[in-house]
Amino acid sequence: MTGTTRTYGLIGIGIGVFNLSLAALLEDNGYRDAVFFDRQPEMTWHGGLLLESSELQVHYLKDLVTPVDPTSRFSFLNYLAQRGVLYQFLNRRGGAVGRGQFQRYFRWVADALPSTRFGSTVEAVEFDGEHFRVRVNGEEHRSRHLAVATGPRPTVPDCARPHLGDRVFHASEYRQRREGLHGARITVVGGGQTGAEVVLDAMNTVPHRELAWYGRRLAFSQLEDHSFVNELYVPSFTREFRAAAEDKRLELLDRLAMSSDGITQHVVDAIYRLAYDRMFFSDNEYDYDFRAGQELVGLEPAPGGGYELTMRSWLDDGLRTETTDAVVLATGFTPSSWDHLRGVLGGIDATEKHDSAGHDSAAHDCAGHDCAAAGNVKDEVPPVGQNFEVLWRHQETNSIFVQNGSRKCIGLADPNLSIAAWRAAMIANRVLGREVYSTHPDTPLVRFS
């Protein structure tokens, strides 16, 4: 690496919601020895899915800072006040907040922080025994600690990879590509919230010949969203989840999945109402094909143009083929926070060292030793301990903080906004060297042990 600049106390890789929360809390405490890099030209939060009808699935007070510091100047309510629209926000009487509002709020925070550097591509990360060396746009930066939160990457079925392009693409690109779908036969694969939002938007804004929606689950299931379910998305439950045995944690992830992966009621009801009205009572012809319990097992170019999809039915295990012009893959995301650390961890000898289940700052560390196999960092998630730190031999002097790295260890809340501020606060405490923020910020109404 060449072109050395200064040495920082902390370098953040990625400026998504999670590292943005950390940057805001550090700025609130006057910590000016941090810098955060992101390759995007500006703060972008799921830009390809930022549709006009998209709404938050969490309460708007679960923003970057409010759950741990309601007095912070980087709160969503202060953003509204600074724009002069807080009274109008209070007058609107609506419960849910559009994701577009939060996108603008996040951008407002990012623009106010002196530590953010957009248009900055992290090209390599190394460790020299004393500092991390991070190459960004050809220049080297050094730091004592790292905070990695690069957001998820799209998950694409193997059969679809060879055909990716303007007519076969992941839903994360939908907003940029939807105009190219006009007049087409459209198939949306994926029965969760993302697939539902794409289907609803296509029904309302994209003129199409046919619209098919295939989901792997046995129903287009509604999100479980009520006060008691939300007790699963607080710091205290995160600690209880982490303390559970591996088999219990895996079972919890499966049994509670609809509290995270279901479809919000207003979206699924809107799709059903539109389909009902149009298919049975409209003067125009609408061709909708909605099927649950369907798994995509094949995708090939069709002889007459378009694509042939092979779907396997859960009900009878039978295969059926459908022809379409365009395929939108709402097939989920995979955490990518580890990607920049693969080479580093291979060189810094992450050891099989785990905290006990009793640590106050509940995080990715688990009660068992299943978070990682220390000898295979290419294929496994390395062990992560208190304060969301990777456990390795230089942990006492050089911390690697990872956010949104493992649902298996932290639970369903790992990629969720609900605990973003608390997780960032636990990291901030470690960076600042003192407990500025409470490690036990909630008093649960529901207990599990």
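Taken together, the values in this text are just the output of simple stated rules run on the coordinates, not laboratory data. Quick caveat: nothing in here was measured; it's all calculated off a predicted structure. FYI the Cβ positions are ideal-geometry reconstructions off the backbone, even for glycines, and counts take in every protein chain you see.
See the values below:
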read-out: Exposure rule at most 14 other beta-carbon atoms within 10 Å, DSSP loop GluC sites (Glu not before Pro): the chain longest free segment; value: 131-284
read-out: Order of I427, I186 - criterion: other Cβ atoms within 10 Å of each residue's Cβ, fewest first; value: I186, I427
read-out: Selection from A243, Q176, G305, by position along the positive dipole direction of segment 172-315 (Cβ); value: A243
read-out: Normalised alpha carbon radius of gyration of segment 61-174 [divisor 2.2 N^0.38 Å]; value: 1.49
read-out: Distant alpha-carbon pairs in segment 156-288 (separation over 21 angstrom), percent; value: 53
read-out: J(HN,Hα) series, segment 47-61, from Karplus relation 6.51 cos²θ - 1.76 cosθ + 1.60, nearest Hz, glycine and proline x; value: x, x, 10, 7, 8, 4, 8, 6, 10, 4, 9, 10, 5, 5, 6
read-out: Burial ordering of V446, V35, fewest other beta-carbon atoms within 10 Å first; value: V446, V35
read-out: Amide hydrogen neighbours beyond the local backbone of R153, cut-off 5 Å, H modeled; value: T334, S336
read-out: Stokes-Einstein D in µm²/s, Kirkwood radius over Cα pairs - the chain at 10 °C with 1.306 mPa s viscosity; value: 68
read-out: Theoretical FRET efficiency, 1/(1+(r/R0)^6), r = Cβ-Cβ of F448 and L61, R0 35 Å, to 0.05; value: 0.90
read-out: Percent RCO, i.e. relative contact order, over segment 279-318, from Cα pairs under 8 Å lying at least 6 residues apart; value: 32
read-out: For the chain, calculated [θ]222 nm from helices alone, where every DSSP H run of n ≥ 4 adds -39500 (n - 2.57); value: -7500 deg cm²/dmol
read-out: Debye-sum result for segment 203-267 in log10 I(q)/I(0), which assumes one identical scatterer on each alpha carbon, at q = 0.29 Å⁻¹; value: -1.28
read-out: Table column - 3J(HN,Hα) (Hz), segment 177-185, Karplus curve with 6.51, -1.76, 1.60, x for Gly and Pro; value: 10, 5, 5, x, 9, 4, x, 9, 7
read-out: Trypsin sites (Lys or Arg not before Pro) restricted to DSSP loop in segment 390-449 with at most 16 other C-beta within 10 Å; value: R393, R434, R447
read-out: Relative exposure of M426, M43, judged by other C-beta atoms within 10 Å (fewest first); value: M43, M426
read-out: C-alpha center-to-center spacing [segment 55-128, segment 281-319] in angstrom; value: 40
read-out: Distant-in-sequence amide H partners of T66 (H built 1.01 Å from N, under 5 Å); value: F76
read-out: Derived scalar couplings ³J(HN,Hα) [segment 305-311; Karplus, 6.51 cos²θ - 1.76 cosθ + 1.60; whole Hz; x for Gly, Pro]; value: x, x, 9, 9, 9, 9, 10
read-out: Mean separation of Cα contacts under 8 Å, 6 or more apart, over the residue count of the chain: relative contact order %; value: 20
read-out: Rel. contact order, % - alpha carbon contacts under 8 angstrom, at least six apart, segment 91-159; value: 16
read-out: 5 angstrom amide H check on G12, placed H, neighbours 5+ away; value: V35, F36, F37, A147
read-out: Rg and Dmax of segment 19-110, Cα atoms only, in Å; value: 13.8, 42
